[in-house]
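Written out below as structure tokens is the structure these notes cover.
The values are calculated or read from the model by the stated rules, or taken from the named source; none is laboratory data. Worth saying up front: this structure is predicted, and the values here are computed from it rather than measured. Cβ placement follows ideal geometry from the backbone for every residue including glycine, while neighbour counts extend to all protein chains displayed. To get the accessible areas, we keep the full protein, side chains included, count just its heavy atoms, and leave off ligands, DNA and RNA. Shrake-Rupley method; radii C 1.70, N 1.55, O 1.52, S 1.80 Å.
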Amino acid sequence: TGVILASLMKSVNKEISIYIILATVIILFLSIIDRLSEVFLFLQNIYDKVTYGKTFFPIILKVLAVAYITDFTAQLCKDAGEGAIASKVELAGKVIIFYLAMPILSAILELIGSLLQ
């Protein structure tokens, strides 16, 4: 319904179309929040069972969150007709993900270095 309404309003008033899309996304998010809590409970169970690499688990979750938020933001920019901003948002997300993954990368390199000695 939101997509159809946004498409109809795009020819009349593009700004209202963006607000309709944003409202549709918020309604969808609110409708899946129960399932999202189940996902977090599942991840918590996995975290409790993991013995090695507990320090990396939160990093992986942060990377996933940044990836989803970046994709969502870039899609909103594309829907608003701002493809250039969308590509910069995607680049910023990639840089943030690399920054967050640096401790994992250095731990892997440290492990490889200790195995080679």
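Listing for the model above:
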read-out: Region 84-96 residues that are without any contact (Cβ under 8 Å) to a residue 60 or more places away in the chain and open to solvent by less than 70 Å² (accessible area, probe 1.4 Å), paired with ones that are assigned to a helix (DSSP H, G or I) and among the polar types (S, T, N, Q) (beta carbon under 7 Å, 6 or more apart); value: Val89/Thr70; Val89/Thr73; Glu90/Thr70; Gly93/Thr70
read-out: Of all residues making up region 18-56, the number that are touching a Leu at 6+ places or on another chain (Cβ under 9 Å) and in contact (Cβ under 8 Å) with a residue 12 or more places away in the chain; value: 7
read-out: Residues satisfying the stated conditions in region 44-72, i.e. hydroxyl-bearing (Ser, Thr, Tyr) and either closer than 21 Å to Ser106 by Cα or over 9 Å from the mean Cα position of the chain (by Cα) (or both); value: Tyr47, Thr51, Tyr52, Thr55
read-out: Selection from region 65-83 of residues that are part of a helix (DSSP H, G or I) and either open to solvent by 90 Å² or more (accessible area, probe 1.4 Å) or closer than 22 Å to Ser17 by Cβ (or both); value: Tyr68, Ile69, Asp71, Phe72, Thr73, Ala74, Gln75, Leu76, Cys77, Lys78, Asp79, Gly83
read-out: Qualifying residue in region 31-44 (condition: touching a helix residue (DSSP H, G or I) at 6+ places or on another chain (Cβ under 6 Å) and not acidic (Asp, Glu)); value: no
